[in-house]
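The block underneath contains the structure these notes are about, expressed in structure tokens.
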Amino acid sequence: MDALDRKILTQLQMDGRLTVTELAARVQLSVSPCHRRVRDLEREGAIRGYRAVVDPAAVGLNFEALVFATLRWEDRDTVTAFEEAVTAIPNVIQAQRLFGEPDYLVRVATTDLAAYQQLYDQQLARLPGVQRLTSTLVMKHVIDDRPLPE
């Protein structure tokens with residue numbers, strides 16, 4: 001991957017709906033080589049896909065919490081069961097396994113605090129292998145969906 005590929009990736013991260021002609025103009029490349037590079041980036045997995053970025057508030061998801069999960073044991077079966085169960089919860093919009101404690105960071109979006117409390121009691125607190133959950137409420141997004149650096 002060279003500097004031109006990184007410029008292409010930066011432009012597509014900012015606007016995935018660019019036509020190849022628009023993209024080529026922005027990175028100062030002719031259309032055919034630009035298209036070939038985009039196809040190569042897709043085939044190599046640097047570009048995993050394209051999607052619309054939806055404003056959570058626009059669809060009624062006005063409340064967000066970060067949940068730190070610590071498991072009782074970290075054996076393979078417990079980790080697998082936890083990850084499968086957390087994946088099945090639609091309100092979990094991101095989950096990451098961490099080194100050290102806590103074991104996981106889980107990002108949750110709901111309509112409001114009452115909906116979060118219900119989700120917490122009925123699903124999150126019942127996740128397999130959980131020893132402790134700690135929630136932090138998101139006050140404001142300062143940086144959100146920033147493109148990766150070149």
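Overview of results
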| read-out | value |
| --- | --- |
| Alpha-carbon centroids, region 102-150 and region 54-73: separation in whole Å | 3 Å |
| Within the chain, helix-based [θ] at 222 nm, where runs of 4 or more DSSP H residues each add -39,500 (n - 2.57), nearest 500 | -11000 deg cm²/dmol |
| Principal axis box of region 1-93, alpha-carbon based, largest edge first, Å | 56, 35, 18 |
| For region 41-150: span of alpha carbons on each principal axis (Å, largest first) | 40, 35, 23 |
| Share of carbon and sulfur in the accessible heavy-atom surface of region 21-150 [1.4 Å probe, %] | 51 percent |
| Region 1-101: trypsin sites (Lys or Arg not before Pro) falling in loop per DSSP and having at most 13 other Cβ within 10 Å | ARG17, ARG48, ARG51, ARG72 |
| Å² per residue, accessible surface of the chain at 1.4 Å | 69 Å² |
| At most 14 other Cβ within 10 Å, DSSP loop - chymotrypsin sites (Phe, Trp or Tyr not before Pro), region 90-150 | PHE99 |
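The values are calculated or read from the model by the stated rules, or taken from the named source; none is laboratory data. Here the structure is a predicted model, which is why all the values come from computation and not from measurement. No Cβ is skipped: glycine too gets one built from the backbone with ideal geometry, and neighbour counts run over all protein chains shown. We work out accessible area using only protein heavy atoms, side chains counted, and drop any ligands, DNA or RNA first. Shrake-Rupley method; radii C 1.70, N 1.55, O 1.52, S 1.80 Å.
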